[in-house]
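No lab work stands behind these numbers, since they all come straight from the coordinates. Keep in mind that this is a model prediction, so the values were computed, not measured. Counting neighbours? That spans all protein chains shown, and the Cβs are built from the backbone with ideal geometry, glycine included.
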Amino acid sequence: MNSNVSLKDFLTPTWLLIAVGLVVGGAVGIHEMFIGHWFATNSSLVWTLPLVTYIFLALMSTGVSLVLAYGLIMHDETITRHTRALLIMAIGMLLGAFTALATELGSLLNMVWILLSPNPSSPIWWMGTLYSIELVLLIVKLIMDLRGRHGVFDLPLAWGTLIVAGAAAITIGAVFGTVIGRPDYHGAFLSVVTLVSALVSGAAAIVLLRPQSALTETAGRVFRQTALMFAALVLIRVVYEAHSSVVGMLGWASVWMLVPFVLALLLLQFAPRVLALVGILGVLWVQYSFIITGQLVSLGQTAHWYGAVQSYQPNIPEALILVLGIAVAAALIKLGEQYLMSNQRQDAT
Amino acid sequence: MGYGMVIDQQLCVGCAACTIACKIENNTPVGFNWCDKITRTSGKFPAVRYEYISTMCNHCENAPCVAGCPTQAMYKDASTGLTLHDPKKCIGCKACIVNCPYGVISFNWERPHQSWTENNRLAEGCFSPREMVEESGGEGSPHGNPERGTTYPVVRARGTVEKCTFCDHRLAKGLAPACVDACPSGARQFGDIDDPSSEVSRLIAKHGGKGLREELGTRPRVIYIRDYKPQRRFEPARPAGENQGA
Ligand code: SF4
Ligand code: SF4
């Protein structure tokens, strides 16, 4: 623990931005949880930008965990030297995701029923369970790292993280892919999309937030390879949608979605952090598009209330939940860096 | 045992008495209809066809809302086959809404019947909304039906979902759902769809019939029989004087 941190360390533009995000986003979150309803939702379009925020941050955290687990299993020193920093990143992002989710769930106090009355046939139950295990694993690893305890448990923990994080990312896709009767949500394809998007955004986040040359090179390589895969997935979807005659399918993919990933592939070495950010925004765009589009066709009687096909634009409170999720993640990562990384080597290697 | 409903499209006149009866019986908030409708217009003038399809929870045998609910708040009742909801267990994740292919579940984003808590009178000598509730002794609103409260909260909690229960509180007393009793043309029949000798099973055996979106494999228990044909409007669906209900 670094005891040299002073108030001055918090008087920076980054902390100012984080504080604004926490206060403004937090106010919206508290209002939504306990007072009234501001989100642009209705009984037909129920999962909007706040849920997208949860998925975006949870998958990014998964990606960071997967890259770290890969490094630990393969003994890749360019990654393992940054174990603590990557653990802090993954934990911060996951807690940011949970914060956004909390504003979205209707009855937080009933969460105890996830444990008391579990339903293993529900992908949401699996998602909640796997991400809770993932959080515990990350915290255990961080505590072990802080105490300097390395040894026999390192490898099993790394494998555990790899399996749980991979399964969690796949399960998020299954939350949508197992839905019947909504053509834009159908199939195992969405699990592949969520798993690959976790890798792309996680690797990009490492490039963005840990600009050390050796790590940037390794994470950049993962980013480029997975961005290529992701672009291929989007392209497959574009072609599929162009030929699909499925009734009620609107289609969520567009060729424009390829641009961020193609740019990252071609130009990453020239401006790694900028293109990492572009890649992250590209992933957010794809996730937003498929999650929202799947709900735009009103089913059954709801067509009378909301029209056969709805349109959706996030409103300001919803956008502020995105800000809140990112601010929570950023605050935790900064705190972790300031308090827990003093005795860590963070030099460029 | 599995309760189900048969709706005779030949007899349904599209009056929406079922919708109103449900609203009153179940004290649903403004903007929610547990019992509602799909309308379809097809064809070209003069051969135009208009269909009015009364809708509600289909109490699917293979209910995707139940499969997707993480806490078993949405569940199948083993003794009646009904798809029911336990608001105490509901975390408000809305997975049931996304999973139900029929759009029959509503979410309480706000506290239901909130406007009835207001204390301002429109004019001197009038009741305020809150005073009206107090005067009528209703729960949540002047229309709060206390009988509804025997199996499900009269006023549902903010942050939870709600949907048709086939009036399980009335079934427990041997009554038919409110929509069935309210139907002026006898288009709705209710009973044990698993019992081949029940009226509903006999109607299905006689006329065939289909549930909505059956191709999805949900096995809905609301079955629609006899598309409306003007030429058979004097043909009885069942012998005159036969009773309806559970
Ligand atoms: S109609 Fe919808 S809510 Fe009702 S049982 Fe079927 S899936 Fe569930
Ligand atoms: S909203 Fe409630 S009933 Fe619906 S799936 Fe979630 S916990 Fe179950």
_Taking the Cα centre as origin and putting +1 on Lys and Arg beta-carbons and -1 on Asp and Glu beta-carbons, what dipole magnitude results for the protein assembly as shown, to the nearest 20 debye?_
760 debye
*Kindly state, as a whole number, the per residue volume in cubic angstrom of the convex hull around the alpha carbon atoms of region A:269-332.*
117 Å³
*Across region A:257-265, in residue order, what do the Karplus-derived ³J(HN,Hα) couplings come to in whole Hz, using 6.51 cos²θ - 1.76 cosθ + 1.60 with θ = phi - 60° and x for Gly and Pro?*
5, 6, 4, x, 7, 5, 4, 5, 4
*Length added when fully stretched, A:TRP285-A:SER245, from 0.36 nm per residue minus Cα-Cα*: 11.9 nm
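How much length is gained on full extension from B:VAL48 to B:ARG219, taking 0.36 nm per residue of separation minus their Cα-Cα distance? Mind dumping the intermediate values first?
On the way: separation 171, 0.36 × 171 = 61.56 nm, distance 3.06 nm.
Result: 58.5 nm gained on full extension.
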*Could you give the nm distance between label points at B:GLU124 and B:ILE20, where each point is 7 Å from its Cα heading toward the beta carbon?*
3.7 nm
*Per residue of B:50-60, count partner chain C-beta atoms within 10 Å of its C-beta, then hand back the mean as an integer.*
1
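If you average over every viewing direction, what projected area does the convex hull of the Cα atoms of region A:9-340 give, in nm²?
On the way: hull surface 70.8 nm².
So the mean shadow area of the Cα hull is 17.7 nm².
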*asked:* Calculate log10 I(q)/I(0) of region A:158-211 for q = 0.21, 0.27, 0.31 Å⁻¹, where I(q) comes from the Debye formula with a single equal point scatterer on each Cα and nothing for solvent.
replied: -0.77, -0.96, -1.07
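On alpha-carbon atoms, Rg over Rh for chain B using Kirkwood Rh?
Numbers: Rg = 19.3 Å, Rh = 19.3 Å.
We get a ratio of 1.00 for chain B.
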*How many angstrom lie between the C-alpha centres of region A:84-149 and region B:1-58?*
43 Å
*What distance in nm separates the simple spin-label points at A:VAL255 and B:ASP77, each placed 7 Å from Cα in the Cβ direction?*
5.6 nm
*Express in nm, to one decimal, how much length is gained between A:HIS75 and A:VAL140 on full extension, taking 0.36 nm for each residue of separation and deducting their alpha carbon distance.*
21.4 nm
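Determine, for each peptide in A:254-261, B:107-114, the mean count of other beta carbons within 10 angstrom over its residues, then list the peptides with the highest first. Walk me through the intermediate numbers first.
Details: A:254-261: 17.9, B:107-114: 20.2.
Going from most to least packed, we get B:107-114, A:254-261.
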*What's the exposure ranking of A:TYR131, A:TYR306, B:TYR50, going from fewest to most Cβ atoms within 10 Å?*
B:TYR50, A:TYR306, A:TYR131
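List, in the order given, every pair from B:LYS76/B:LYS210; B:LYS89/B:LYS173; B:LYS23/B:LYS163; B:LYS89/B:LYS163; B:LYS37/B:LYS89 whose Cα-Cα distance in the structure shown is over 19 Å. Write down the numbers at each step before the final one.
Values: B:LYS76/B:LYS210 22 Å; B:LYS89/B:LYS173 26 Å; B:LYS23/B:LYS163 11 Å; B:LYS89/B:LYS163 15 Å; B:LYS37/B:LYS89 29 Å.
Violating the 19 Å limit, Cα to Cα: B:LYS76/B:LYS210; B:LYS89/B:LYS173; B:LYS37/B:LYS89.
How big is the dipole moment of region B:3-225 about its Cα centre under a simple scheme where the beta carbon of each Lys and Arg is +1, that of each Asp and Glu is -1, and everything else is neutral? Debye, nearest 20, please. Walk me through the intermediate numbers first.
Values: 25 positive and 24 negative charges, 135 e Å.
The dipole of region B:3-225 has a size of about 640 debye.
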*Please report the base-10 log of the normalised intensity I(q)/I(0) for the protein assembly as shown, using a Debye sum with one equal scatterer per alpha carbon and no solvent, at each q in 0.05, 0.07, 0.08 (1/Å).*
-0.27, -0.51, -0.64
*Using a basic spin-label model with each label point 7 Å from the Cα along Cα→Cβ, how many nm lie between A:VAL5 and A:LEU267?*
3.6 nm
